[in-house]
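Below: the structure, in structure tokens.
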Amino acid sequence: MGEFSPPPPSNAPAPKCISLLLCEAAHLIAGSANQIIVNTFNSLGVSGCPILFPKITVVYTLTSGHGNYELDISLVPSGGGPPLIEARQRIELGNPLAILDGVMTFMKVPIPVPGRHWVEVRCGSELIGQRPFYVGITPGAGALA
């Protein structure tokens, strides 16, 4: 990938997020664009809240974009409010037919309360991908995916 250029003009369409997974880890296979995705999940069992969950990896797939974009990837609490944790990632799509798999790993994720939470992917102010995940209290669980 070349040097990052400015974001596309405001009239350029945001890419489409066509998949969004939560997992323990994603490993790029050397010499390939393929990844090994480890331990996907939709819910977390924790011994209590608040808790710092050790690691959550988000794997997303984008298409239908053309150019350079900045994505904001965040984990959002069920009741709204500021994100639990967030990060920005720059990506490039060479043409609208391109498909890009991206990975963002969050360490020490603060989870204040059990219940339904959300993973969100935004391009600028536009929400392009979202999925829920659930946190439940499981006595003696520690932090399990």
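The values are calculated or read from the model by the stated rules, or taken from the named source; none is laboratory data. Keep in mind that this is a model prediction, so the values were computed, not measured. For the accessible areas, the whole protein counts, side chains as well, though only heavy atoms, and no ligand, DNA or RNA atoms are used. Shrake-Rupley method; radii C 1.70, N 1.55, O 1.52, S 1.80 Å.
For the range 9-141, what is the accessible area per residue in Å², given a 1.4 Å probe and the full set of protein chains?
Accessible surface, normalised per residue, equals 51 Å².
With just the Cα atoms of the range 88-145, tell me how far they stretch along each of the three principal axes, in Å, largest first.
49, 19, 18
For a distance above 20 Å, tell me the whole-number percent of Cα pairs in the chain that qualify.
More than 20 Å apart: 49 percent of the Cα pairs in the chain.
Computed on alpha carbon atoms, what radius of gyration and Dmax characterise the range 60-123, expressed in Å?
Answer for the range 60-123, Rg first and Dmax second: 13.7, 41 Å.
Accessible area of the range 33-145 with a 1.4 Å probe: how many percent of it is carbon plus sulfur?
Looking at the range 33-145 in its full context, I get 55 percent from C and S.
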